[in-house]
Amino acid sequence: DTAVSQTPKYLVTQMGNDKSIKCEQNLGHDTMYWYKQDSKKFLKIMFSYNNKELIINETVPNRFSPKSPDKAHLNLHINSLELGDSAVYFCASSQAGLELSNEQFFGPGTRLTVL
Amino acid sequence: ELKVEQNPLFLSMQEGKNYTIYCNYSTTSDRLYWYRQDPGKSLESLFVLLSNGAVKQEGRLMASLDTKARLSTLHITAAVHDLSATYFCAVDGKGGSRLTFGEGTQLTVNP
């Protein structure tokens, strides 16, 4: 059984289009994340939700909008795609808490290519 | 702002040799994680280190954490080709939730 799943795995689209990536976790975790991994493999957090509430909102263009309909799902919508948005986007989840480990479990990634 | 630095960033080694990857971080934290990423794949959790002096071992890999020195090491013993991958350390900032990742160490083990 897949713990953290993302769809689609690959996304090729033209500049200016709008696209969405979906993420689901079946681990019962209360916190979910979106990361962007660039071509140099650098991983940067974009957003985090805890129980459907946005708790981390890094400096990303407001063309990126996360949505969490429930604590098992976190989607990422991107408007007006630009060439620089090409990257691999990872979803992750964890059961966060001050005393607990914040070990995060990652989805398979979505490779976005903007032409 | 928490900064996490790994070195080396690229490591090419021969099978059978030992080596250590270092992860330094800039502010107080006692929770550190190591991940492995194969080309084109996701990140796989390797080790969770939750206190000063923590040491974890799995096969040919051993990770340790020194929170006073703000340093974690990932030691590779008698490397084999299957260990070729990129290794990331990640540090938990105060208050939890946010992980800051190092740049990654791309390890290549040659026969």
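Derivation of every value follows stated rules applied to the coordinates shown; laboratory data play no part. Treat the numbers as computed from the prediction; the structure is a model and nothing was measured. Positions of Cβ are generated from backbone atoms using ideal geometry, with glycine treated the same way; all protein chains shown enter the neighbour counts.
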Percent relative contact order for the range A:5-115, counting Cα pairs under 8 Å at least six residues apart, stands at 36
Between the range B:48-111 and the range A:69-88, how far is it from one alpha carbon centroid to the other, in angstrom? 29
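Whole number please: convex hull volume per residue of the Cα set in chain A, in Å³?
Looking at chain A, the number lands at 99 Å³ per residue.
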Taking the Cβ of residue A:91 as the centre, find all other residues whose Cβ is under 10 Å away and add up their charges (Lys, Arg: +1; Asp, Glu: -1). 0
Remind me, what semi-axes does the protein assembly as shown give for its equivalent ellipsoid, largest first in whole Å, using sqrt of 5 times each Cα gyration tensor eigenvalue? 30, 21, 15
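Round to the nearest 0.05 the FRET efficiency obtained for residue B:68 and residue A:20 when R0 = 30 Å and r is the Cβ-Cβ distance. Please list the in-between numbers first.
Details: r = 45 Å, r/R0 = 1.51.
The value I calculate is 0.10.
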Divide, for the range B:23-88, the radius of gyration over alpha carbons by 2.2 N^0.38 Å, where N is the residue count. 1.13
Using Cα-Cα distances under 8 Å and only pairs 6 or more residues apart, what relative contact order does the range B:1-97 have, in percent? 35
I'd like the per residue volume of the convex hull spanned by the Cα atoms of chain B, given in cubic angstrom. 91
Cβ neighbours within 10 Å, averaged per peptide: list A:68-74, B:42-48, A:8-14 in order, most packed at the top. B:42-48, A:68-74, A:8-14
Between residue B:1 and residue B:18, the two model label points (7 Å from Cα along the beta-carbon direction) sit apart by a distance in nm of 3.8
Mind pulling up the Rg/Rh value for the range A:11-51? Radius of gyration and Kirkwood radius, both on Cα. 1.04
Can you pick out the pairs among A:40/A:71; A:41/B:41; A:9/A:41 whose Cα atoms lie more than 19 Å from each other? A:40/A:71
